[in-house]
């Protein structure tokens, strides 16, 4: 029998324990979470008919690992897909519809793109020139910003692609690695010769399947925390969950690893699922972990606010908007939750989800929670041009929460894991510092690691 410790009780850690416990019922598995609750950033508040996500509010439907887990937990009948509608770009005082047929800002239909009022004719002409361009002149990794600027030009970058893509990682897209964040774009470019041809081919392929367009995101009627609740409830009997139990040290001994702050018996296998800064507690003296421990992390805040529909004096003629970086505001985006996820809101109420925090702006770090609430309300009133006062505001501050995958990230991860495999046999590292920051990415990493451990044991 093997003894396994899983450090971290967020979605990635709980998924790991769940899959491993089911695959290896004779193994003893302990999960250690330093907080008083499981779930990490996932947090749902269900009050007075509202289902309010104060952390992430959905996941990408195309990332199947999350849906597979939800179905396995018996929650498949509670899955909902977001309502679709027009989304907008807010640029220096004006709202512009995102052109129809755009995929993360990249045009795949000529007429809607040509009619767009967001871009100048020179900007449109520059973007369409990509159809005559050769692939980006390097075979190695490149930043998201440099890659798309090469193909589509500065104006497309500033007004369309940057506001759409930067919000996902909360970072500077001229520093973020394309291969570590959106490798599919590199693949399409290489396969078809340039970006526009690649996106047109991808669109044509989807059209050939006769699948009607639908929402890109998924939620659960009971909120995302219902996944955490079910994982805890259905955890196999050979898994023990420990809340309020920080791991203060990881000591390599003859028979495996002893974890400080927990039971003193050694574990043959240790699986770490925590953010990069947590490694400082355990490997501060090992220089090989330096790049990981000092990985740049972005900070943001989410303000969710509710209004009486009867007094809300702004049109909600879409699903929300993103804000260009050059617009003078600390806000980055706003989702009309009422429109996007109507099942979460009483019919006589309106809910907005406002995002704050962008590269080069320290507003979130500078002010306390109450001040940020007031600022979020004031700014969204100014931008959307309404005067209605919120009934309530829920603010979540995510300090240093989003790892920044800089150019060369994949090489960094490969080097680190190769080193750890030799220097720390039985130690495994997964989660947001390594291969994807979204919830499905964590579940996928958990599933893949468990498959590896099972195959290794057989």
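The values are calculated or read from the model by the stated rules, or taken from the named source; none is laboratory data. No experiment lies behind these values; they were computed from the predicted model shown. In this analysis, Cβ positions are derived from the backbone assuming ideal geometry, glycine residues included, and neighbour counts consider all displayed protein chains.
Things worth noting here:
- Residue count for region 140-157, restricted to those that are touching a residue at least 40 places away in the same chain (Cβ under 8 Å) and part of a loop (DSSP other than H, G, I, E, B): 2
- Here the condition is being more than 19 Å from the chain's Cα centre (by Cα), in the same structural domain as residue 274 (by TED's automatic domain parsing) and either modelled with pLDDT of 95 or more or more than 26 Å from residue 154 (Cα to Cα) (or both); of 339, 414, it holds for 414 alone.
Rundown of residues vs (1) touching a helix residue (DSSP H, G or I) at 6+ places or on another chain (Cβ under 6 Å); (2) not in a loop (DSSP other than H, G, I, E, B), yes/no style:
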{"position": "289", "(1), (2)": "yes, yes"}
{"position": "295", "(1), (2)": "yes, no"}
{"position": "327", "(1), (2)": "no, no"}
{"position": "332", "(1), (2)": "yes, yes"}
{"position": "346", "(1), (2)": "no, no"}
{"position": "361", "(1), (2)": "no, no"}
{"position": "364", "(1), (2)": "no, yes"}
{"position": "370", "(1), (2)": "no, yes"}
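- Condition check for residue 9: in contact (Cβ under 8 Å) with a residue 24 or more places away in the chain and either in a strand (DSSP E or B) or outside the structural domain of residue 278 (by TED's automatic domain parsing) (or both): no
- Verdict on residue 319 being crowded, with 17+ Cβ neighbours inside 10 Å, farther than 26 Å from residue 412 by Cβ and in contact with a helix residue (DSSP H, G or I) (Cβ under 6 Å, 6 or more places away or on another chain): yes
- In region 32-41, residue nearest to the chain's Cα centre (by Cα) [restricted to those that are in a loop (DSSP other than H, G, I, E, B) and crowded, with 21+ Cβ neighbours inside 10 Å]: 40
- Selected residue (criterion: nearest to the chain's Cα centre (by Cα)) from residues of region 263-282 that are touching a residue at least 24 places away in the same chain (Cβ under 8 Å) and over 19 Å from residue 12 (Cβ atoms): 268
- Residue within region 278-285 that is in a loop (DSSP other than H, G, I, E, B) and surrounded by fewer than 20 Cβ atoms within 10 Å (Cβ to Cβ) present: yes
- Taken over region 12-31, the criterion of being buried (at least 24 other Cβ atoms within 10 Å of the Cβ) and either closer than 21 Å to residue 258 by Cα or not assigned by TED's automatic domain parsing to the domain that holds residue 243 (or both) is satisfied by 13, 14, 16, 17, 20, 29, 31.
- Hey, residue 316 under 29 Å from residue 352 (Cα atoms) and over 24 Å from the mean Cα position of the chain (by Cα) or not: yes
- Residue count for region 162-185 satisfying the condition of being in contact (Cβ under 8 Å) with a residue 12 or more places away in the chain, out of contact with any strand residue (DSSP E or B) (no Cβ under 7 Å at 6 or more places or on another chain) and more than 25 Å from residue 399 (Cβ to Cβ): 3.
- For region 186-195, the set of residues classified as touching a residue at least 12 places away in the same chain (Cβ under 8 Å) and surrounded by fewer than 23 Cβ atoms within 10 Å (Cβ to Cβ) consists of 186, 188, 190, 193, 194, listed by residue number.
- For region 301-316, the set of residues classified as part of a strand (DSSP E or B) and either assigned by TED's automatic domain parsing to the domain that holds residue 436 or out of contact with any helix residue (DSSP H, G or I) (no Cβ under 8 Å at 6 or more places or on another chain) (or both) consists of 302, 306, 307, 308, listed by residue number.
- Filter pass, residue 2 being within 24 Å of residue 427 (Cα to Cα), at pLDDT below 95 and surrounded by 15 or more Cβ atoms within 10 Å (Cβ to Cβ): yes
- Among (1) modelled with pLDDT of 95 or more; (2) not assigned by TED's automatic domain parsing to the domain that holds residue 252, the one test that residue 399 misses: (1)
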